[in-house]
Amino acid sequence: MAAWLFCSPFLIFFFAFGLWPVLASLLMSFTDITSRDLRTPFGVGFVGLENYLTLLADDTFIRAVLNTLYFVAVGIPVTMLVSLVAAVALNSGINRLKAVFRVGYFAPVVTSIIAVAVVWRYMYQEDGLFNAALGAIGIAGPDWLNDPAWSMPALIIMAVWRNFGIPMVIFLAGLQAIPTELHEAASVDGASKWRSFRSITLPLLKPTTLVVAVLLSIAYLQFFEEPFVMTGGGPLDSTTSIGYYAYEQFGFGLYGLASAASYVLVLLIALLSFLQFRLFRTRS
């Protein structure tokens, strides 16, 4: 009894602000609830899977799913590669100002997305930094945020820059947990640094890589902030994600449809995480 009393504050907050909103959203996805029903909820009807079928017939939602998968398929590998390279560089002893570089690499993670968006929008303008750099080598830069073909790559570049700090810290912790004796023994046996990295470092980083992959999958599938502050889902829905689509439906007052879109996102996150665990377990 005493244990339940001590735990009761946490349990009350958990059920009220953690579990109940999740269950309520799931229930709403099977109803036709709209903003008009908030004052008179007795008129809400159970519609079964109708909201999910409506999503499947909505070209904008299908485009949002494809955009989200595109963002995940390109963004996660690039982020992991950049994070790993930065972690190896910081761990190798090349940089004498390690603490400065660690703070510098991690700073984008804690920087406000609004401030980041303002700066990057200037950089993506036709006469901005990116096109000036491309022009210096004789390449005509695109209209990054207004061209449907280039808007998503533009957001991926910004997302990689903004999000690679945490995976870098995790990879750095994984690298520092590898015993140095293994690399010393490989060096004595004549192994090159690349062979040592490929045969010792990468296999021992598998658990760390799995953690990073799952965390990035959850974060990137919830792709929302970048299109919200940079493009508004455009141009021509080229950057509309599932999260942004659900946000728009909530704005239209279609709470049932928005909840259904949110749970499609939950299913995608669960499916991708399951596949990653299976893939890494098989390879292990």
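Some observations on this one:
- With the convex hull of its Cα atoms as the shape, segment 35-94 has an orientation-averaged projected area of 7.8 nm².
- Compactness of the chain, expressed as Rg and Dmax over alpha-carbon positions, Å: 23.2, 77
- Modelled FRET efficiency - R0 41 Å, Asp59 with Leu27, Cβ distances, 0.05 increments: 0.90
- Under 5 Å between amide hydrogens, built in the peptide plane, is the criterion, and for Thr31 it picks out Val47 among residues at least 5 positions away or on other chains.
- The equivalent ellipsoid that matches the C-alpha gyration tensor of segment 1-120 spans semi-axes of 42, 28, 15 angstrom, in descending order.
- Across segment 129-284, Cα pairs under 8 Å and at least six residues apart give a relative contact order of 21 percent.
- J(HN,Hα) series, segment 248-258, from Karplus relation 6.51 cos²θ - 1.76 cosθ + 1.60, nearest Hz, glycine and proline x: 5, 5, 4, x, 7, x, 8, 5, x, 5, 5
- Based on the convex hull around the alpha carbon atoms, segment 179-284 presents an average projected area of 9.6 nm².
- Segment 151-197, accessible surface, carbon-and-sulfur percent (1.4 angstrom probe): 64
- Placing a label point 7 Å from the Cα of Ala173 along the Cα-to-Cβ line, the residues of segment 189-206 whose backbone N sits under 15 Å from it are 205-206.
- Model label zone, Leu215; criterion: amide N under 18 Å from point 7 Å along Cα-to-beta-carbon; scope segment 146-162: 159-162
- Ligands, DNA and RNA left out, the accessible area of segment 72-123 computed with a 1.4 Å probe is 74% carbon and sulfur.
- A Förster distance of 51 Å, applied to the separation of the beta-carbon atoms of Arg278 and Ile139, puts the FRET efficiency at 0.75.
- The charge dipole of segment 142-219, taken about its Cα centre with unit charges on the Cβ atoms of Lys, Arg (+1), Asp and Glu (-1) only, comes to about 120 debye.
- Once the 1.4 Å probe is applied to the protein heavy atoms, the chain comes out at 58 Å² accessible per residue.
- Sites Val103 and Ala149 - FRET efficiency at Förster radius 41 Å, r taken between beta-carbons, to 0.05: 0.70
- Using C-alpha pairs under 8 Å with a sequence gap of at least 6, the mean separation divided by the residue count of the chain gives a relative contact order of 29 percent.
- Modelled label reach - Leu204, point 7 Å along Cα→Cβ, segment 158-192 residues with backbone N closer than 11 Å: 174-186
- Phi to ³J(HN,Hα) by Karplus 6.51 cos²θ - 1.76 cosθ + 1.60 over segment 56-65, Hz, x for Gly, Pro: 5, 8, 9, 4, 5, 5, 4, 5, 5, 5
The values are calculated or read from the model by the stated rules, or taken from the named source; none is laboratory data. The model shown is predicted, which means the values in this text are computed figures rather than measured ones. Every residue, glycine among them, receives a Cβ derived from its backbone with ideal geometry; neighbour counts consider all protein chains shown. Side chains are part of the model used for accessible areas, which takes the heavy atoms of the whole protein and leaves out ligands, DNA and RNA. Shrake-Rupley method; radii C 1.70, N 1.55, O 1.52, S 1.80 Å.
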